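Since the structure comes first, as structure tokens, the remarks are kept for the end.
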Amino acid sequence: MPLDAQPEIHHSTCPHDCPSCCALEVEKIDSHTIGRVRGAKDNSYTDGVICAKVARYAERVHHPDRLKTPLRRVGEKGCGPEGFEPISWEDALDLTADAFLRAEEKYGAETVWPYQYAGTMGLVQRDGIHRLRHAKKYSRQHDTICSSLSNAGWRAGAGVNRGVDCREMEHSDQIIMWGGNPVSTQVNVMHHISQAKKNRGAKLVVVDPYRTGTAEQADLHVMLRPGTDGALACAMMHVMLRDGLADRAYMVKFTDVPEELEAHLAGRTPEWAAEITGLSAQEIVDFAHQYGNVDRTFLRIGYGFTRSRNGAANMHAVSCLPAVSGHWQYRGGGALFTQYGIYNIDFRLIVGADLLDRDTRLIDMSRIGPALTGDTYDLGDGPPITAMLVQNTNPVVVAPDSNKVREGFARDDLFVCVHEQFLTDTARMADIVLPATTFLEHHDIYMAGGHTHLQVTKPVIEPQHEARPNHHVHCELAKRLGAEHRGFEMTEWEIIDETLRASGHPGADEVHAMHWLDCAPDFSTQHFLGGFGTDDGKFHFRGDWAKVGFLEPERMPPLPDHMNVIDNADDDHPFRLVAAPARSYLNSSFTETPTSQKREGRPEVMMHPVDCAELEIARGDLVTLGNGQGEVTVHARPFDGIQRGVVVVESIWPNTAFAGGRGINTLISADQGPPLGGAVFHDTKVWIKLAPQA
Ligand SMILES: Nc1nc2c(c(=O)[nH]1)N[C@H]1C(S)=C(S)[C@@H](COP(=O)(O)OP(=O)(O)OC[C@H]3O[C@@H](n4cnc5c(=O)[nH]c(N)nc54)[C@H](O)[C@@H]3O)O[C@H]1N2
Ligand SMILES: Nc1nc2c(c(=O)[nH]1)N[C@H]1C(S)=C(S)[C@@H](COP(=O)(O)OP(=O)(O)OC[C@H]3O[C@@H](n4cnc5c(=O)[nH]c(N)nc54)[C@H](O)[C@@H]3O)O[C@H]1N2
Ligand code: SF4
Ligand SMILES: [Mo]
């Protein structure tokens with residue numbers, strides 16, 4: 001390119017598992033090379049703002065460690081790159097299909113478990129694997145690693161996954177960020193909050209067990225113990241009802257059992273909640289008054305606080321707040337958990353729904369450790385899992401109970417094919433590794449959770465090296481496995497086009513030409529002024545647990561409450577661990593890029609200085625955290641933005657980043673949160689002691 005030439009700018013969409021789903025402008029240097037990535041200025045949600053790690057995406061796309069060719073493992077399971085040798089795509093696909101067919105012949109189709117998650121959020125590349133699954137009647141996957149607890153908790157009250165448009169924050173006088181850390185995990189929320197601060201002097205309140213980057217910017221930080229949000233919300237409602245801050249007319253018109261709720265909450269006093277949350281009763285009263293007094297209060301609800309055994313109950317309790325205050329009625333008021341319910345996407349073609357057989361075995365993905373090590377709770381009376389295709393996820397690092405996950409992947413009788421961009425800890429356990437394209441190298445369609453735009457993208461550059469899209473792998477394996485569906489005969493673009501039209505939207509070319517389609521419902525719908533998404537249109541204080549979950553829904557509290565089923569600290573395990581996301585990583589992605597590594601430094605445990613002093617732990621000391629599941633060694637960081645007895649390790653680092661090679665999820669239980677399952681990443685009791693210093 002001549003020195004004075006401007007690079008071409010191409011529209012794209014960030015595919016990572018992040019509610020922001022940013023509209024991007026990507027500099028194309030040549031057919032194989034990108035330059036800077038910027039947020040689209042003319043998208044009213046992205047508004048030119050993206051996170052630092054994606055602005056430097058060239059580091060990831062052009063990383064020297066990108067997988068270049070298919071590989072066959074010749075070393076031990078878990079070995080490094082030296083234990084793999086390059087093979088052709090034809091051979092890699094043939095070997096994988098042969099292994100699947102042999103496994104099926106021996107044990108039946110359910111012995112094969114296609115395992116996927118949201119490494120890309122593109123609907124075709126993410127979910128097309130289900131078409132192969134259904135066509136072959138392979139084991140099904142219950143998706144629980146991220147949002148089942150939060151979804152169940154929200155829908156138990158509001159009935160449908162949608163809420164107030166974040167762009168409405170410009171009319172808010174107060175924003176409550178409850179149980180999420182958008183400075184790290186969803187930077188655009190902070191952009192809209194700072195606009196509200198600038199325009200209207202809006203206040204920010206953060207509810208989080210530790211002083212996150214978001215809490216640092218808050219006017220008030222409510223620093224509770226993890227897993228106690230239900231208690232806090234109940235006491236707030238008690239105070240609002242007691243002190244005349246509840247909107248009784250709203251409750252009569254829009255909620256199911258206002259009187260029952262009030263009677264039930266009579267015993268949920270600030271003093272009661274103070275015991276549970278570790279806050280003072282006065283802090284709770286003050287927060288309730290501050291919340292109840294401001295009509296235009298936007299409650300932005302995160303995922304983080306739902307990753308506990310009582311996470312669904314806590315979500316439901318928090319979602320009751322605006323139904324008591326009546327904030328839903330005001331511009332800039334109300335709540336948002338996610339907007340995924342607005343797009344009306346018809347997934348049938350993508351997932352091959354016509355081939356779905358509900359009698360095939362369903363396995364909880366968060367219990368991959370127990371499932372791979374033969375737990376009959378997970379396998380039922382079906383066969384062991386002896387063959388897997390893994391796409392868009394890195395379970396050896398990100399799933400609970402990682403010792404068991406590793407033990408499972410290490411089994412000699414398990415064949416694994418991993419389709420990846422990098423040689424992750426999971427890919428290292430594979431028999432066959434296939435190189436995957438990034439979003440800049442394939443087509444897809446995206447819907448956002450944090451805003452209201454549907455986006456369609458085309459490749460900006462050619463596939464790097466021999467990388468191929470997920471859709472290619474689905475179609476090529478289908479051919480070899482005798483799986484038939486018209487979706488395997490179509491291009492991605494044809495699938496996108498047909499899916500959009502079947503969903504009542506314009507076709508692929510049209511949406512692509514517009515860059516995005518804003519699907520925001522009108523004000524009244526967003527604010528549920530015509531009724532909620534429940535059968536009777538009312539908000540349900542009496543949670544619809546049997547409707548939203550099938551795993552012991554009867555265990556759920558009938559009305560909002562503190563559900564005391566968490567892994568409470570005890571004499572042998574005096575600390576509660578929060579394993580929160582790190583700012584410069586996205587789950588396990590970006591752990592390979594130099595600027596992210598540099599910013600994160602090393603895995604550390606943040607703990608209260610008084611706790612450190614009692615255990616004679618100084619800054620930088622190596623300490624070991626342990627419980628019945630295993631032990632993890634990290635460096636200590638005394639930190640006063642946390643209650644005593646609570647500790648935080650930001651993640652998700654590769655296992656090898658820890659002294660001893662055991663990652664943080666070693667300590668996380670594979671227990672299922674009721675009533676729908678869900679991983680409990682922030683619900684862990686541990687002991688801590690000084691480790692031998694390196
Ligand atoms: N300790 C702790 N653990 C957690 C969490 C936590 O907060 N704390 N959060 C949990 C949550 S919410 C989630 S969602 C999970 C997510 O965990 P993962 O599913 O592992 O998430 P990612 O790192 O986003 O993506 C996984 C892989 O997908 C690959 N990938 C990306 N695009 C493509 C593609 O187009 N094709 C293919 N074949 N591969 C692709 C990436 O290279 C990456 O290695 O982690 C969970 N684990
Ligand atoms: N940089 C970065 N961005 C990410 C990710 C990442 O790993 N890194 N992951 C992506 C994914 S997959 C998802 S699902 C989203 C999640 O995005 P968010 O909705 O923001 O949720 P988290 O950031 O997981 O929430 C973490 C926060 O929850 C707090 N928390 C933990 N337990 C409790 C509790 O009991 N009560 C309260 N009130 N707070 C609690 C933690 O201390 C932490 O600050 O982020 C996405 N974006
Ligand atoms: S904020 Fe989230 S969606 Fe936006 S660029 Fe960063 S990772 Fe992607
Ligand atoms: Mo997630």
Proximal lysines to Lys28, defined as alpha-carbon separation beneath 25 angstrom and excluding residues fewer than eight positions away on the same chain: Lys41, Lys53, Lys68, Lys458
Linear extension gain, Arg331 paired with Gln597, 0.36 nm per residue minus alpha-carbon span: 91.6 nm
Cross-link partners among lysines for Lys689, C-alpha distance below 29 Å, same-chain residues fewer than 8 apart left out? Lys404, Lys598
What FRET efficiency would be calculated for the residue pair Ser31, Glu259, taking the C-beta separation as r and a Förster radius of 45 Å, to the nearest 0.05? 0.10
Label-reachable residues, the range 89-117, where backbone N falls under 11 Å from a point 7 Å from Arg480's Cα toward its Cβ: 89-101
Provide the solvent-accessible area of Ser139, counting protein heavy atoms only and rolling a 1.4 Å probe, rounded to the nearest 10 Å². 0
Accessible-area ranking of Trp328, Trp272, largest first, probe 1.4 Å: Trp272, Trp328
If you roll a 1.4 Å probe over the chain with all protein chains in place, what percent of the accessible area is carbon or sulfur? 48
Listed residues Arg167, Arg619 arranged by accessible area, highest first, probe 1.4 Å: Arg619, Arg167
Whole-Å distance, taken between Cα centres, linking the range 478-527 and the range 624-652: 44
Could you give the length gained by full extension between Lys41 and Glu552, i.e. 0.36 nm per residue of separation minus their alpha carbon distance, to one decimal place? 179.3 nm
When only the heavy atoms of the protein chains count and the probe is 1.4 Å, how do Ile29, Ile668 rank by accessible area, highest first? Ile29, Ile668
Volume per residue of the C-alpha convex hull in the range 164-336, rounded to whole Å³: 101
So how much slack lies between Glu616 and Thr656, counting 0.36 nm per residue of separation and subtracting their Cα-Cα distance, in nm? 11.7 nm
Give me the one-decimal nm value for the distance between modelled label points at Lys198 and Thr360, 7 Å along each residue's Cα-to-Cβ direction. 5.1
Cα→Cβ-extended label distance, 7 Å offset, between Asp509 and Glu407, nm: 5.7
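The values are calculated or read from the model by the stated rules, or taken from the named source; none is laboratory data. Keep in mind it's a predicted model, so treat the numbers as computed, not measured. Cβ atoms come from the backbone with ideal geometry, glycine included; neighbour counts cover every protein chain shown. Surface areas here come from the heavy atoms of the whole protein model, side chains and all, with no ligands, DNA or RNA. Shrake-Rupley method; radii C 1.70, N 1.55, O 1.52, S 1.80 Å.
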